[in-house]
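The values are calculated or read from the model by the stated rules, or taken from the named source; none is laboratory data. For clarity, every value in this text was computed on a predicted model and none was experimentally measured. Cβ placement follows ideal geometry from the backbone for every residue including glycine, while neighbour counts extend to all protein chains displayed.
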Amino acid sequence: MKQFILYAVSLLSFNLWAAQVEITNATVREPLPGKSLSAGYFSLHNKGPAPVALVSVNSNNFGAIELHTHKMVGGMMQMTEIDQIVIEPGQQVHLQPGGLHLMLFRPVQKISLGQQVQLRLQWSDGTSQEVQASVTRIPKQ
Ligand SMILES: [Cu+2]
């Protein structure tokens, strides 16, 4: 048992070292009146020496979260789900309206302005990072 605890502790400290992506400006949009669907955005900066991929995001506040991008299909801009977002060493990736974004489904409770939502980002190397996103109004385009 003692050995197991030591092993668990060393895994934890390894995780601290492995997390080399800076997450900034995390926001979740306040859902439109009568809607529960929401979108989420943040900026990612890979400060590590190796490429890393964001493979999933989850939150206790939502039933499901998907990674989405926009692309042109037959002259029309459409949203599609993607498997991962790869970030090269030194690269910054911005999730923003009209581009890469999170799609958040089935909020556990009503999501309201000014609230903080905790998001858990899962990386391709098996580590994860948590970030607080603030709930904001839909930005004017
Ligand atoms: Cu979407």
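How many residues are over 25 Å from His45 (Cβ atoms) and under 16 Å from the mean Cα position of the chain (by Cα) if we restrict to the range 107-123?
Within the range 107-123, the subset over 25 Å from His45 (Cβ atoms) is 107-115.
Remaining after also requiring under 16 Å from the mean Cα position of the chain (by Cα): 107.
Residues that pass the stated criteria total 1.
If you take just the strands (runs of 3 or more DSSP E) that sit entirely in the range 33-123, which of them hold at least 3 residues that are among the aliphatic types (A, V, I, L, M) and away from the ligand (no atom under 14 Å from the Cβ)? Before you say what the answer is, go through the steps one by one.
Numbers: elements: 38-46, 52-58, 62-73, 76-81, 85-87, 92-94, 101-107, 116-123.
Once the strands (runs of 3 or more DSSP E) in the range 33-123 are filtered for at least 3 residues that are among the aliphatic types (A, V, I, L, M) and away from the ligand (no atom under 14 Å from the Cβ), what remains is 52-58, 116-123.
So how many residues does the range 52-93 have that are surrounded by 13 or more Cβ atoms within 10 Å (Cβ to Cβ) and in contact with an Asp or Glu (Cβ under 8 Å, 6 or more places away or on another chain)?
So the answer is 5.
Name the single residue, out of those in the range 94-109 being touching a Ser or Thr at 6+ places or on another chain (Cβ under 6 Å) and closer than 14 Å to Phe62 by Cα, that is surrounded by the fewest Cβ atoms within 10 Å (Cβ to Cβ).
Our first condition is that a residue be touching a Ser or Thr at 6+ places or on another chain (Cβ under 6 Å); within the range 94-109, this holds for 94, 100, 104, 107.
Next, from what is left, pick out any that are closer than 14 Å to Phe62 by Cα: 104, 107.
On the way: Leu104: 26, Pro107: 17.
If we take residues in the range 94-109 being touching a Ser or Thr at 6+ places or on another chain (Cβ under 6 Å) and closer than 14 Å to Phe62 by Cα, then Pro107 is surrounded by the fewest Cβ atoms within 10 Å (Cβ to Cβ).
Can we say Pro51 is at pLDDT below 95 and within 12 Å of Val21 (Cα to Cα)?
Numbers: at pLDDT below 95: yes; within 12 Å of Val21 (Cα to Cα): yes.
It is true that Pro51 is at pLDDT below 95 and within 12 Å of Val21 (Cα to Cα).
Does the range 3-21 contain any residue that is in a strand (DSSP E or B), modelled with pLDDT of 60 or more and surrounded by 14 or more Cβ atoms within 10 Å (Cβ to Cβ)?
Yes.
Picking from Ser112, Ser128, which residue would you name as being closer than 22 Å to Asn60 by Cα, loosely packed, with under 13 Cβ neighbours inside 10 Å and of a type in the set (Gly, Ala, Ser)?
Numbers: Ser128 fails: loosely packed, with under 13 Cβ neighbours inside 10 Å.
None of the other options fit; the residue is Ser112.
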